[in-house]
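The values are calculated or read from the model by the stated rules, or taken from the named source; none is laboratory data. As the structure is a prediction and not an experimental result, all values here were calculated from the model. Heads up, the Cβs are rebuilt from the backbone with ideal geometry, glycines too, and the neighbour counts pull from every protein chain shown. These accessible areas exclude ligands, DNA and RNA; they are computed on the full protein's heavy atoms, side chains included. Shrake-Rupley method; radii C 1.70, N 1.55, O 1.52, S 1.80 Å.
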Amino acid sequence: MSVDIVIVGGGPAGLTAAAHLAGRHTVVVLERESVAGGIPRHSDHLGYGIRDLRTVLSGPDYARRLVARAVTAGADIRTDAMVTGWAGERALEVTSPSGREVIEAAVVVLATGARERPRPARLIAGDRPAGIYTTGHLQNLVHLHGRGVGRRAVVVGAELVSYSAVLTLRHAGCRTVLMTTEHRRPESYVAFTAAARAALGVRVATRTTVTRIIGAPQLRAVEIENIDTGARRIVDCDTLILTGDWIPDHELARTGGLAMDTRAGIPVVDTALRTNRTGVFAIGNLVHPVDTADVAALDGRHVADRIHAHLAGHRGPTGGVRLVAQAPLRWISPGLLSDGAPPRGRLLAWTDTSLHSPVVTAHQDGRLLARLRLPWPASPGRMFRIPARIVASADRDGGPVSVAVR
C-alpha cells in the first residue's frame, strides 16, 4: 500500500506526530505491541503530560489520551505490526497477524524509542536465577499482567526511572532495601532522593556496583562493591531491578544505512529532525535516549510542521554544520545545525560527570562562539539541556562546532 506518512512507533513521540499530521495527510502508525501508547502505558504513577498537555496524568491515562488524539485526527494505528526491514528508500517491510506487506510512503518517521540495557549486556558475573528485571519488564508484569515479584529488592541506578521502579515495587508489595549508583551522588533530582528516603526508607549506596549475582534457581542475594575502597558485602534480596543505561532502538535506522552517531548509537538528525535520507525523519528517544515522555512528544509536534512543509515541496537544506560533543559530554542532539531552531530551542546532551554549576562553550574553526554559565546542574543519568542560542552565531558554511562543558 502507499500512504503519505508512515510512523514507526506508537509511543508519545509517534502518536503526537500522528495527531498533528493526520487530517491533512494519510497517516499510518505501526506499533509492535498489542496496544499503542509506549512506555507510559505500564508506568502507573503520576507525572506525565506536564509539558505537552499542560496537565498531570498517570502513565496509562496519558497513553490513552495520546492514542485518542491520534485516532480522532484520523490516523490509522496498526498494532502487533513489526517493521522487519526496508524495501526501498521510503518503503518498509511489515509483518503482522494479517500477513506480510510493503508500505511505501512519501515520508517515514522513525519513533522507535529506547530501552534499558539488560543483565547480559551489563556483564554482571554470577548465577542466572529468576528475579532479575529491567524497569520496563517489571512494570509490564505488575501493571499489565497483575503479577507479583519478590519481597526484597535491590535497584541498580538512581535515575528518574529508578524511582519509577521503586513505586512499582511498592505497588507489588516488594520493599526496596537498597539502590546503588556508581556516581558520587544519585543521578536523579535531590527531591526524589529525599522523598524516597523519607517516605519509603530507600537508602542509596553511591560509588557502588553489583559485582555478583547469587542464587539458583531463585535470586537470594547480590554482592556489591565500593568502587573507591574495593570493600565488598552481600545484600540479601530476591528481586534485582536494572534501571537506566539506555540503548536507542536503532536497528531500523542502522540497517537502513542512515548516518549514525556511532558513540551514542543514534541517527544523526538536524534541527528539523531530518536524517540524511530525504523524506526520513527521526524523533523522540531514538535520537535522545532518554528524556521524559512529554519532551519526546514535543518532538512529534516539532516535526509535524517540517513534514507539512516537506510534502508541500519545501525540502529544506541538505546537510548542515556538525555539532561535536567534547568529554565529559557523551553525545549531543540534534547533531546538525540547519534551518531553524531545534525543538523547544534546546540542544540535548548526556554527561558522564556531575557538574554543579556548568559552563558551556561552543567553538568553530578556532573561534569562540559563546560561553554560558547555566543555573542548573549537569548530572549523569538525566538529560542536560543547553540553550540553542549558544550556537546561533555559527557559520553555516564553516567547520564543525565543538560543544564543551566544565
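Can you go through ARG315, ARG254, ARG263 and tell me which one is outside any loop (DSSP other than H, G, I, E, B) and open to solvent by 40 Å² or more (accessible area, probe 1.4 Å)?
Only one candidate passes the filter, namely ARG254.
If only one of GLY300, GLY284 is open to solvent by less than 20 Å² (accessible area, probe 1.4 Å), on the phi > 0 side of the Ramachandran plot, of a type in the set (Gly, Ala, Ser) and in contact with a helix residue (DSSP H, G or I) (Cβ under 7 Å, 6 or more places away or on another chain), which one is it?
Only one candidate passes the filter, namely GLY284.
Hey, does segment 156-167 have a residue that's part of a loop (DSSP other than H, G, I, E, B), touching a residue at least 60 places away in the same chain (Cβ under 8 Å), within 28 Å of ASP228 (Cβ to Cβ) and of a type outside the set (A, V, I, L, M, F, W, C)?
Checked against the condition, which is being part of a loop (DSSP other than H, G, I, E, B), touching a residue at least 60 places away in the same chain (Cβ under 8 Å), within 28 Å of ASP228 (Cβ to Cβ) and of a type outside the set (A, V, I, L, M, F, W, C), segment 156-167 yields at least one hit.
Scan segment 57-78 and give yes if some residue there is open to solvent by 50 Å² or more (accessible area, probe 1.4 Å), touching a helix residue (DSSP H, G or I) at 6+ places or on another chain (Cβ under 7 Å) and of a type outside the set (S, T, N, Q), otherwise no.
yes
Kindly provide the set of residues from segment 220-244 that are of a type in the set (Gly, Ala, Ser), at pLDDT 95 or above and under 20 Å from ARG170 (Cα atoms), ordered by number. So that I can check it myself, show each step before the final result.
First, pick out the residues of segment 220-244 that are of a type in the set (Gly, Ala, Ser): 221, 230-231, 244.
Checking the rest, the ones that are also at pLDDT 95 or above come to 221, 230-231.
ALA221 - this is the single residue of segment 220-244 that is of a type in the set (Gly, Ala, Ser), at pLDDT 95 or above and under 20 Å from ARG170 (Cα atoms).
To keep it simple, each residue is scored yes or no on (1) loosely packed, with under 15 Cβ neighbours inside 10 Å; (2) of a type outside the set (Asp, Glu); (3) at pLDDT below 95.
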| position | (1), (2), (3) |
| --- | --- |
| ARG175 | no, yes, no |
| PRO186 | no, yes, yes |
| GLY201 | yes, yes, yes |
| GLN218 | yes, yes, no |
| ASP249 | no, no, no |
| LEU258 | no, yes, no |
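Yes or no, residue by residue, for (1) among the polar types (S, T, N, Q); (2) touching a residue at least 60 places away in the same chain (Cβ under 8 Å); (3) out of contact with any Leu (no Cβ under 6 Å at 6 or more places or on another chain):
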| residue | (1), (2), (3) |
| --- | --- |
| ILE247 | no, yes, yes |
| GLY256 | no, yes, yes |
| PHE281 | no, yes, no |
| ASP294 | no, yes, yes |
| ALA312 | no, no, yes |
| GLY335 | no, yes, no |
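In segment 82-117, which residues are surrounded by fewer than 19 Cβ atoms within 10 Å (Cβ to Cβ), touching a Ser or Thr at 6+ places or on another chain (Cβ under 6 Å) and in contact (Cβ under 8 Å) with a residue 40 or more places away in the chain?
MET82, GLU104
Among the residues of segment 187-210, what is the count of those that are of a type in the set (Gly, Ala, Ser) and either closer than 22 Å to ILE224 by Cβ or in contact with a helix residue (DSSP H, G or I) (Cβ under 8 Å, 6 or more places away or on another chain) (or both)?
Residues that pass the stated criteria total 4.
Is it the case, given these coordinates, that ALA341 is part of a strand (DSSP E or B), touching a helix residue (DSSP H, G or I) at 6+ places or on another chain (Cβ under 6 Å) and among the small types (Gly, Ala, Ser)?
no
Show me the strands (runs of 3 or more DSSP E) entirely contained within segment 76-127 in which 2 or more residues are among the hydroxyl-bearing types (Ser, Thr, Tyr) and more than 22 Å from the chain's Cα centre (by Cα).
Strands (runs of 3 or more DSSP E) meeting the threshold: 91-96.
Please tell me if ASP44 is out of contact with any Leu (no Cβ under 7 Å at 6 or more places or on another chain), surrounded by fewer than 18 Cβ atoms within 10 Å (Cβ to Cβ) and either on the phi > 0 side of the Ramachandran plot or in a loop (DSSP other than H, G, I, E, B) (or both).
no
Scan (1) assigned to a strand (DSSP E or B); (2) open to solvent by less than 60 Å² (accessible area, probe 1.4 Å) for the single condition ALA194 breaks and write down its number.
(1)
Results for (1) open to solvent by less than 20 Å² (accessible area, probe 1.4 Å); (2) closer than 21 Å to GLY398 by Cβ; (3) in contact (Cβ under 8 Å) with a residue 24 or more places away in the chain, shown as yes or no for each residue.
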residue: ARG346; (1), (2), (3): no, no, yes
residue: THR361; (1), (2), (3): no, yes, yes
residue: ASP365; (1), (2), (3): no, yes, yes
residue: LEU369; (1), (2), (3): no, yes, yes
residue: PRO375; (1), (2), (3): no, no, no
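Suppose the filter is among the hydroxyl-bearing types (Ser, Thr, Tyr), under 17 Å from the mean Cα position of the chain (by Cα) and over 21 Å from THR318 (Cβ atoms); does THR243 pass it?
Spelling it out, THR243 is indeed among the hydroxyl-bearing types (Ser, Thr, Tyr), under 17 Å from the mean Cα position of the chain (by Cα) and over 21 Å from THR318 (Cβ atoms).
Mind telling me which of the residues ALA341, ALA392 ends up being of a type in the set (Gly, Ala, Ser), under 24 Å from LEU273 (Cα atoms) and more than 24 Å from the chain's Cα centre (by Cα)?
ALA392
Which residues, taken from segment 32-41, are in a loop (DSSP other than H, G, I, E, B), in contact with a Gly (Cβ under 9 Å, 6 or more places away or on another chain) and either without any contact (Cβ under 8 Å) to a residue 40 or more places away in the chain or not β-branched (Val, Ile, Thr) (or both)? Before you say what the answer is, go through the steps one by one.
Here is the first cut: in segment 32-41, the residues in a loop (DSSP other than H, G, I, E, B) are 32-38.
Filter again for in contact with a Gly (Cβ under 9 Å, 6 or more places away or on another chain), leaving 32-33, 35-38.
Listed by number, the residues that qualify are ARG32, GLU33, ALA36, GLY37, GLY38.
Is at least one residue of segment 146-153 in contact with a helix residue (DSSP H, G or I) (Cβ under 6 Å, 6 or more places away or on another chain), at pLDDT below 95 and of a type in the set (D, E, K, R)?
yes
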